[in-house]
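Right, one structure below, let's go through it.
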2 protein chains.
Amino acid sequence: MENRKIMLDENEIPKKWYNVNADLPTPLDPPLNPVTKEPATPDDLKVIFPMSLIGQEVSTEKYIKIPDEVMDIYRIWRPTPLIRAERLEKALKTPAKIYYKWEGVSPAGSHKPNTAIPQAYYNMKDGIERIATETGAGQWGSAISFGTAFFDMDCTVYMVRASYDQKPYRKSLMQAWGAECIASPSTRTNAGRMILEKYPNTGGSLGAAISEAVEDAATHDNTNYALGSVLNHVCLHQTIIGLETQKQFAKLDTYPDTVIGCVGGGSNFAGMAFPFVRDKLDGSHPDVDIIGAEPMACPTLTKGLYEYDYGDTAGLAPIIKMYTLGHDFMPPSIHAGGLRYHGDSPLVSKLVKEGVIRAVAYHQTEVLRDAVLFARTEGHVIAPESSHALKCAIDEALKCKETGEEKTIVFNNSGHGHFDLAAYEAYFDGSLVDYEYPEELIKQSLKKLPMLNNK
Amino acid sequence: MENRKIMLDENEIPKKWYNVNADLPTPLDPPLNPVTKEPATPDDLKVIFPMSLIGQEVSTEKYIKIPDEVMDIYRIWRPTPLIRAERLEKALKTPAKIYYKWEGVSPAGSHKPNTAIPQAYYNMKDGIERIATETGAGQWGSAISFGTAFFDMDCTVYMVRASYDQKPYRKSLMQAWGAECIASPSTRTNAGRMILEKYPNTGGSLGAAISEAVEDAATHDNTNYALGSVLNHVCLHQTIIGLETQKQFAKLDTYPDTVIGCVGGGSNFAGMAFPFVRDKLDGSHPDVDIIGAEPMACPTLTKGLYEYDYGDTAGLAPIIKMYTLGHDFMPPSIHAGGLRYHGDSPLVSKLVKEGVIRAVAYHQTEVLRDAVLFARTEGHVIAPESSHALKCAIDEALKCKETGEEKTIVFNNSGHGHFDLAAYEAYFDGSLVDYEYPEELIKQSLKKLPMLNNK
């Protein structure tokens, strides 16, 4: 029998991350200080980030070495398998070959630890003893709790109150790894106290939780802030996914025609896509089709503007050039909570703008329908976020059925769905609602971009 | 760096299961018909089981070939990694080497699919179109749903009402794989209707759910019953775990001194242990120490009698010779729900009785404390059941610290804990209670064994 899984040995894990910033067709526009609206300096950032990560954020070196201490922890679950979805292919009756990179085997059940581990490590090296961060549905809070556990650091996670109350188990997972998980808004910070005074019964928001975590980090010398997506260094750490995938395809003596990931803040997509972007830009594989799949309910890349905007709702984070729906855009509460970000990674945005990669958007009902097909053919019950990438892979495979093309399609299967069964429940009981954000509301939200009036 | 994980290639998956029934020091006592109390015949069983599985149940062939169709599905997640717990060793400051076999990578998150897949397969081959089964906490119901999905069979899972109401997500997981999950007692069967008439508000019991599933299977020609543990053929299918483990140790040119698994019905323990039992009995490794770890709240092997007893609470299942606490023993509601069985696999029981393997029992608080240590050193948050095996491995490693012995210890890490975070929550909020079943109550329950008066 042909192997179903393409595995690598631990000593074949790539030794360096790939930095797409070295290869961009045109340079990134600089992030701006949210107060002065002038280009941000490393000094602006060093209150909340270690210099090593700030260095990675602006680096144009093509490859950055993975520290041995990080590699040692990656080896708990990496290299992850690349799996041929042969039973799905048969169910679709497609001539295409579909592969998925399976990141669900990590202890947190998703790709997030790929960056949580190095972020904790670099902070520890800089003498930082505690990380403060926010989490919405809990994926990132869990991953960074896992990361800090390995370097004997403390960790404080501000979790959006509504999720905190609905998902007590996420808190327990963070506790198991030694982190403290606090409902936000909290009385721990000025930001939290001010919000609670105004809205004592609020369910909180990601914007408020970011404000609390940033304040906590900025007001404690031993504490830094950490972000789970969007930023350049986060995308950098995730490239281990795509680099491993390329080594795995090399063992098959093949190269994929189509590379797919789901897009929220952009990091899991970047992790899979950027090594293929490198090959597309250097001309070695000019025709590789690279696709980001996002929810129709938060259509940043497909309906947003490529403009400067605040990274957070409150306007405290740097102003960055990206595809955005406006920083006070409030996406409806879909099950793919990890894809509900108003903006997107500047690197991913730039590559969409330059036409190197393209984006598609889906409704959650069609996404869950395909996730159920996947469960019944390939066995794994996957996260609603990852299911957007699956849906795109299935669409591309069905196109091949029309044309007869025997394309090789790969998607990043970024996490298991064992924490997301409420989404499957809603699909089965018929309560899943599809949202298409009214174009008029998007237009209104986009009128409030901070730099529009400076033009 | 030395590899942290010892992997096998897919073509190194053992091609045959190992049947310990071929090597027992003394033969098993035959199961008895629950009505006549005479030795059960294959005919007694064929109303609810396919002949191929009945054949495996009584076989004394040493190896049984794994069908290609089963192997093809095993290859989705098998071979599973054997992982060196080096960071745990360092935390314990032990000279021992600790390895764990990681079964949490399966789509259901545990070892259960190792038998769910072949059970579904053999039933399909016999022309059976539907499986009826029961589930308590949901592990087995999920696994058999996963198994039947792959052979286009229907599946009806009778889930204990109390769990059904508390854990709606388990139902969604079964649905994702295409199974129907019904709260038991239900109006679907005579057994269910009778119980509901008497106790309209009952939360149900595993015994009642078994009765419903067996009745469903016995009264529908196209339907069979399936059991997730205890029976010989279930233990047989699980031996893939220990056989893989042995191949992995062979790559290290070593053989473990101590082999550990947790014991409920006995199947995950048997799966790890029996290949080592073979080597102990044939004299090639006479000194290997093989240990089953069970909960103090349900101390079947450590406090039970080795006697004939009913396999189920209602007394409908065959009477089997095993360690038992009595078929109407009701263990307290501990978090390791998978270890709450009044009896134990006849094969495991026989080997304990013969002194080939030994058993230990733990309280859930000490078990969870070690699970938290494991999460913070090795990363994985594991199931409370598996944590019993971990606790035993840690105890053995700490003994090595006393004696200075550099033993090699391996335990079967049978599943992840992402569905069991309530146990961790209870541990952290201090609400975890330790139960030691009063010896007097065990004695009373043991007075009701069906064959005692026949002696």
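Structure data summary
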| item | result |
| --- | --- |
| Condition broken by A:Ser142, with the remaining ones in (1) over 17 Å from the mean Cα position of the chain (by Cα); (2) modelled with pLDDT of 95 or more satisfied | (1) |
| Of all residues in segment A:392-402 being among the hydrophobic types (A, V, I, L, M, F, W, C) and touching a strand residue (DSSP E or B) at 6+ places or on another chain (Cβ under 6 Å), the one that is nearest to the other protein chains (Cβ to nearest Cβ) | A:Ala393 |
| Residue that is farthest from the other protein chains (Cβ to nearest Cβ), among those in segment B:6-41 that are part of a strand (DSSP E or B) and surrounded by 19 or more Cβ atoms within 10 Å (Cβ to Cβ) | B:Leu32 |
| Residue count for segment A:52-103, restricted to those that are more than 30 Å from B:Ile83 (Cβ to Cβ) and assigned by TED's automatic domain parsing to the domain that holds A:Glu405 | 9 |
| Some residue of segment A:220-238 being of a type outside the set (Ser, Thr, Tyr) and under 23 Å from A:Glu2 (Cα atoms) | no |
| Residues of segment A:363-391 classified as more than 11 Å from chain B (Cβ to nearest Cβ) and more than 17 Å from the chain's Cα centre (by Cα), total | 8 |
| Residues of segment B:179-202 classified as of a type outside the set (Asp, Glu) and out of contact with any strand residue (DSSP E or B) (no Cβ under 7 Å at 6 or more places or on another chain), total | 14 |
| Single unsatisfied condition, B:Ala132 versus (1) assigned by TED's automatic domain parsing to the domain that holds B:Val157; (2) outside any strand (DSSP E or B); (3) at pLDDT 95 or above; (4) within 21 Å of the chain's Cα centre (by Cα) | (2) |
| Residues of segment A:259-275 that turn out to be touching a Phe, Trp or Tyr at 6+ places or on another chain (Cβ under 9 Å) and either surrounded by fewer than 21 Cβ atoms within 10 Å (Cβ to Cβ) or modelled with pLDDT of 95 or more (or both), as a count | 9 |
| Filter result (touching a residue at least 60 places away in the same chain (Cβ under 8 Å) and among the charged types (D, E, K, R)) within segment B:192-212 | B:Glu212 |
| When residues of segment A:146-178 are limited to those that are within 12 Å of another protein chain (Cβ to nearest Cβ) and polar (S, T, N, Q), the one surrounded by the most Cβ atoms within 10 Å (Cβ to Cβ) | A:Thr148 |
| Enumeration of residues in segment A:416-438 that are more than 14 Å from every other protein chain (Cβ to nearest Cβ) and either small (Gly, Ala, Ser) or out of contact with any helix residue (DSSP H, G or I) (no Cβ under 7 Å at 6 or more places or on another chain) (or both) | A:Val433, A:Tyr435, A:Glu436, A:Tyr437, A:Pro438 |
| Breaking point among (1) surrounded by fewer than 23 Cβ atoms within 10 Å (Cβ to Cβ); (2) within 16 Å of A:Val356 (Cβ to Cβ), for A:Tyr323 | (1) |
| Strands (runs of 3 or more DSSP E) enclosed by segment A:62-120 - at least 2 residues per element that are under 20 Å from the mean Cα position of the chain (by Cα) and more than 11 Å from chain B (Cβ to nearest Cβ) | A:97-102 |
| Residue in segment A:179-191 that is free of Cβ contacts under 8 Å to residues at least 24 places away in the same chain and surrounded by fewer than 21 Cβ atoms within 10 Å (Cβ to Cβ) present | yes |
| Some residue of segment A:345-357 being of a type outside the set (Lys, Arg), touching a residue at least 60 places away in the same chain (Cβ under 8 Å), within 14 Å of chain B (Cβ to nearest Cβ) and under 21 Å from A:Lys303 (Cα atoms) | no |
| From B:Glu244, B:Glu215, B:Glu180, residue being at pLDDT 95 or above and farther than 30 Å from B:Glu2 by Cα | B:Glu180 |
| Filter pass, B:Ile334 being more than 30 Å from A:Met153 (Cα to Cα), more than 14 Å from chain A (Cβ to nearest Cβ) and at pLDDT 95 or above | no |
| Qualifying residues in segment A:403-415 (those that are polar (S, T, N, Q) and touching a residue at least 24 places away in the same chain (Cβ under 8 Å)) - the one farthest from the other protein chains (Cβ to nearest Cβ) | A:Thr408 |
| So B:Ala120, is it of a type in the set (A, V, I, L, M), assigned by TED's automatic domain parsing to the domain that holds B:Ser414, crowded, with 24+ Cβ neighbours inside 10 Å and touching a residue at least 24 places away in the same chain (Cβ under 8 Å) | no |
| Wholly enclosed helices (runs of 4 or more DSSP H) of segment A:162-273 bearing at least 1 residues over 27 Å from A:Ala149 (Cβ atoms) | A:190-198, A:206-218, A:240-251 |
| Matching residues in segment B:3-24 - criterion: being out of contact with any helix residue (DSSP H, G or I) (no Cβ under 8 Å at 6 or more places or on another chain) and of a type in the set (Asp, Glu) | B:Asp9, B:Glu10 |
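Yes/no per residue for (1) among the aliphatic types (A, V, I, L, M); (2) more than 16 Å from the chain's Cα centre (by Cα):
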site	(1), (2)
B:Thr300	no, no
B:Glu307	no, yes
B:Leu316	yes, yes
B:Gly338	no, no
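The values are calculated or read from the model by the stated rules, or taken from the named source; none is laboratory data. Treat the numbers as computed from the prediction; the structure is a model and nothing was measured. Glycine also receives a Cβ, built like all others from the backbone with ideal geometry; neighbour counts cover every protein chain displayed.
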